[in-house]
Amino acid sequence: MGAAVSTFDVDLFVIGAGSGGVRAARIAAGYGAKVLVAEEFRIGGTCVIRGCVPKKLYVYASRFKDEFEDAAGFGWTLPSAPIFDWSTLIAGKEKEISRLSAIYKANLERAGVSVIEQRAQIVDAHTVKLTDGRQISAKYILVATGGTPVLEPAIPGIEHAISSNELFDVPQFPKRLLVVGGGYIGVEFASVFARLGSDVALTFRADNVLRGFDEDMRAGVHDALTHAGIKIHAGVLPTQIEKTADGLVVALSDGTAITVDQVMIATGRRPHVQGLGLEAAGVAMAKNGAIKVDHYSATNVPSIYAVGDVTDRVNLTPVAIREGHAFADNVFGGKNVLVDHSDVPTAVFTTPELGTVGISEQVARSQYDVVDIYSASFRPMRATLSGRAEKTLMKIIVDGTSDRVLGVHILGHEAGEMAQLLGIAVRMGATKADFDATMAVHPTAAEELVTMRTRTTRYERQATPGQAAQ
Ligand code: NDP
């Protein structure tokens with residue numbers, strides 16, 4: 001790139017300075033491309049500004065409650081009951097995300113990328129229009145606009161509800177909170193706010209939280225949420241929200257009603273494509289607005305690419321970063337990099353947290369002839385003296401034919417950290433024998449992963465209808 005005379009204003013116009021867009025812009029600039037990034041909100045995107053980063057800070061804040069309680073069993077007496085101050089947490093969070101946002105911006109500028117803090121709209125395959133009316137021509141356009149919360153179901157009074165975006169910063173700490181939705185955001189926020197001192201109710205339409213995760217882990221998270229004092233209403237949704245002097249009165253589909261200070265809706269996010277001009281440029285989208293892309297993140301319009309949540313593939317920050325990096329490598333670096341969307345390790349930051357990589361028992365049983373399950377449920381060491389009723393669950397899913405580890409699921413302290421490392425082993429095709437041959441680190445919870453010698457269950461696919469599985 002670079003040396004060739006271009007008839008375009010820029011080689012790459014990136015819409016959205018979130019995780020995927022920023023990475024793509026920096027890598028492309030590193031290959032000599034002239035790059036411009038437009039961002040209408042704050043540099044950093046959902047993850048940095050109102051997602052992963054502030055969420056994890058709030059998770060840390062919430063866990064002090066358990067630490068204070070557990071300390072007594074180890075001989076500590078606190079001089080007085082700990083007091084939590086919401087505005088201090090918001091201010092601390094704001095300081096940190098502003099710091100990170102500034103670093104993102106500085107890194108872009110250091111890489112030679114121009115940043116325009118305006119909304120951008122696609123005019124045609126090679127033209128983008130900014131809010132100030134300027135039109136920029138680009139050889140390539142990368143859409144990295146992420147996702148946006150969906151406030152559903154569309155019930156009377158839904159305008160009184162908020163999403164996680166707003167809950168981070170509500171001026172008044174919600175003493176009574178209703179969380180709607182049993183996905184990542186619903187369970188994480190319920191877990192956080194219950195520990196920070198809210199009286200939390202959690203409602204969702206399914207029979208349990210975290211659809212798609214291993215059933216034993218779902219049950220474990222459900223138990224942990226209940227232990228934290230969260231009132232769970234499975235199979236129940238709000239039907240109406242009414243604002244009264246005492247708070248928001250929420251009618252529920254089971255005929256009951258609750259009064260709360262805030263209702264947070266976490267019923268999913270949708271690709272952020274509204275008003276982007278994608279239709280004008282002829283970019284194909286799925287029914288939910290997700291931009292359709294191929295394995296190279298290319299849309300049906302040869303000059304337009306898309307990465308991250310706006311493509312609704314695996315909606316996680318590290319995946320968007322990988323997609324953005326690969327796009328820049330391929331288009332500007334002459335490489336041929338494909339992003340592997342399988343075996344993506346992930347964590348749900350409830351307390352205890354859920355860390356997972358690979359497939360669940362249920363998926364394994366539908367795909368493999370012989371599936372071996374190794375599982376352990378134990379009281380973590382620190383819970384012995386603290387007396388906390390907490391269980392750590394671990395589960396290894398193995399292909400009984402090849403001995404290959406297909407999935408590992410952990411509900412327990414630092415499970416997210418463990419999932420990261422297990423991700424390497426699972427991707428490398430580790431077998432159960434490899435796990436067994438690995439020396440334990442003692443005393444840790446993770447050592448259980450290499451000491452689970454006895455199979456809990458073996459499932460064999462029925463050869464003929466009616467033949468019982470073992
Ligand atoms: P999820 O898709 O995880 O969960 C959505 C929840 O809302 C589910 O309980 C779902 O129910 C329910 N739901 C969906 N549509 C409706 C509807 N029309 N009416 C009622 N209920 C509905 O979305 P989240 O908003 O929790 O999170 C969005 C994404 O952000 C996640 O998928 C994840 O990719 C990412 N994320 C990742 C985090 C992490 O890595 N720790 C943290 C937070 C977010 P059902 O199960 O029945 O479909």
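The values are calculated or read from the model by the stated rules, or taken from the named source; none is laboratory data. Small disclaimer: the values here were computed from a predicted structure and weren't measured. With ideal geometry, Cβ positions are generated from the backbone for all residues, glycine too; neighbour counts draw on all protein chains shown.
Points worth noting:
- Pick from segment 10-56, criterion modelled with pLDDT of 95 or more and among the aromatic types (F, W, Y), ranking: nearest to I90 (Cα to Cα): F13
- Residue that is surrounded by the most Cβ atoms within 10 Å (Cβ to Cβ), among those in segment 1-58 that are among the aromatic types (F, W, Y) and under 20 Å from F327 (Cα atoms): F13
- Given (1) surrounded by 11 or more Cβ atoms within 10 Å (Cβ to Cβ); (2) free of Cβ contacts under 8 Å to residues at least 40 places away in the same chain; (3) not in a helix (DSSP H, G or I), number of the condition I83 does not satisfy: (1)
- Residue within segment 53-66 that is within 16 Å of the ligand (Cβ to nearest atom) and outside any helix (DSSP H, G or I) present: no
- Of the residues making up segment 116-132, not a single one is among the hydrophobic types (A, V, I, L, M, F, W, C) and within 16 Å of the ligand (Cβ to nearest atom).
- Test: residue in segment 70-79 that is part of a helix (DSSP H, G or I) and closer than 24 Å to L354 by Cβ: yes
- Taking first residues from segment 416-428 that are modelled with pLDDT of 95 or more and partners that are of a type outside the set (G, A, S) and assigned to a helix (DSSP H, G or I), the Cβ contacts under 8 Å between residues at least 6 apart in sequence or on separate chains come to M418/L449; L422/L449; A425/D434; A425/F435.
- Single match in R211, R195 (criterion: in contact (Cβ under 8 Å) with a residue 24 or more places away in the chain, of a type in the set (K, R) and touching a Ser or Thr at 6+ places or on another chain (Cβ under 7 Å)): R195
- When segment 129-183 is filtered for residues that are buried (at least 21 other Cβ atoms within 10 Å of the Cβ), more than 25 Å from I97 (Cβ to Cβ) and in contact (Cβ under 8 Å) with a residue 60 or more places away in the chain, the ones remaining, listed by number, are A138, Y140, I141, L178, V180.
- Failed criterion for R379 (all others in (1) farther than 25 Å from Y60 by Cβ; (2) modelled with pLDDT of 95 or more; (3) surrounded by fewer than 20 Cβ atoms within 10 Å (Cβ to Cβ) hold): (1)
- Helices (runs of 4 or more DSSP H) (entirely within segment 155-248) containing at least 2 residues that are away from the ligand (no atom under 14 Å from the Cβ) and hydrophobic (A, V, I, L, M, F, W, C): 184-196, 215-227
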